[in-house]
Amino acid sequence: MTQQGAVLQGYNNELVKCIEDLCMQKEELNKQIQQAEEEKSKLQHEIQILSEQLECVCENLAQKVASRNELDKILAETEAAYMKILDSSRTLLNVLKKEVGSLKHTPELKTN
């Protein structure tokens, strides 16, 4: 019976060691889980900050694109008006040259 008691005691010691090993593994795993949760929380916070920054950049970009489009429209209208002014100036100059030319052919101006 002593021999069976010794064998039982050996099994018990092994069982206790296995349980202690499992407890240590659990503690290590708990530390890793806690670290992973902290990393996850940190990353989620960074994502939130970056998302807010992205939203601001997108809004700013949209405003700048709208301003550029408005400037393009104003510039196109101004260039078109300027071209009309140039065309009118050219027409006026041609008319004036014809009038001056026809005045030179009148007899009243030839007698100087």
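Bear in mind that the values in this text are calculations on the coordinates, not laboratory data. Fair warning: this is a prediction, and the values are worked out from it, not measured in the lab. Every residue, glycine as well, gets a Cβ built from its backbone with ideal geometry; the counts of neighbours run over all protein chains shown.
Any idea what angle helix 2-104 forms with the longest principal axis of the chain, computed on alpha-carbon atoms, 0 to 90 degrees, nearest 10?
Between helix and principal axis, roughly 0 degrees.
Residue separation times 0.36 nm, minus the C-alpha to C-alpha distance between Q34 and L50: what's the value?
3.3 nm
How far apart, in nanometres, would the label points at M83 and K26 be if each is projected 7 angstrom from Cα along the Cα-to-Cβ direction?
8.4 nm
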